[in-house]
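Encoded as structure tokens, the structure appears first; notes follow it.
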Amino acid sequence: MYGDPSTVRKILTEVGDTWAVVGLSTNERRAAYGVADVLQRFGKRIVPVHPKAETVHGERGYASLAEIPFPVDVVDVFVNSELAGPVADEAVAIGAKAVWFQLDVIDEAAYERTRAAGLAMVMDRCPAIEIPRLG
């Protein structure tokens, strides 16, 4: 339900190519680091969003979604489920077109709010796993 194949495909191939990756830092051991690399190789522009605002994979980082001075298509969320809802709300506020909650990031109320606001949303999925399935 939260990651139906048509929505996954739509977000990866139709929604847009600028992906804000919330929780992305220079820590190479974190999942966000590897997934951001996969997204870049798939042709997406990644925008690191982390309190440290570090440059990652050659892209300037920002401390919050609100600080990004250009449109963002997809907000990819690598924070704990307890913190994910406010990030989804911020994605709606900045005019993103879609929200992607990573594996084990689950907030059903945030999912419902985000969908009600008209955004495409996937929850408890990983684009690095889904991209090869596109065929």
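The values are calculated or read from the model by the stated rules, or taken from the named source; none is laboratory data. This structure is a prediction, so every number in the text was calculated from the model and none was measured. Please note: Cβ atoms are built from the backbone with ideal geometry, for glycine as well, and neighbour counts cover all protein chains shown. Quick note on the areas: whole protein, heavy atoms, side chains included, nothing else; ligands and nucleic acids left out. Shrake-Rupley method; radii C 1.70, N 1.55, O 1.52, S 1.80 Å.
Scanning the range 56-73 for residues that are part of a helix (DSSP H, G or I) and open to solvent by 20 Å² or more (accessible area, probe 1.4 Å) yields Ala66, Glu67. Would the range 90-101 turn up any residue that is more than 14 Å from the chain's Cα centre (by Cα) and of a type outside the set (Asp, Glu)? Checked the range 90-101: at least one residue is more than 14 Å from the chain's Cα centre (by Cα) and of a type outside the set (Asp, Glu).
I want to confirm something. Restricting to the range 74-128 and keeping residues that are charged (D, E, K, R) and in a helix (DSSP H, G or I), which single residue is surrounded by the fewest Cβ atoms within 10 Å (Cβ to Cβ)? Of everything passing the filter in the range 74-128, Glu82 is surrounded by the fewest Cβ atoms within 10 Å (Cβ to Cβ). Out of curiosity, is Ala63 under 14 Å from the mean Cα position of the chain (by Cα) and either without any contact (Cβ under 8 Å) to a residue 40 or more places away in the chain or on the phi < 0 side of the Ramachandran plot (or both)? For Ala63, the condition - under 14 Å from the mean Cα position of the chain (by Cα) and either without any contact (Cβ under 8 Å) to a residue 40 or more places away in the chain or on the phi < 0 side of the Ramachandran plot (or both) - is not met. Residues in the range 44-53 that are open to solvent by less than 60 Å² (accessible area, probe 1.4 Å) and either at pLDDT below 95 or more than 16 Å from Trp100 (Cβ to Cβ) (or both): His50, Ala53. One residue is enough: does the range 22-40 have a residue meeting the conditions open to solvent by less than 20 Å² (accessible area, probe 1.4 Å) and in a strand (DSSP E or B)? Checked the range 22-40: at least one residue is open to solvent by less than 20 Å² (accessible area, probe 1.4 Å) and in a strand (DSSP E or B).
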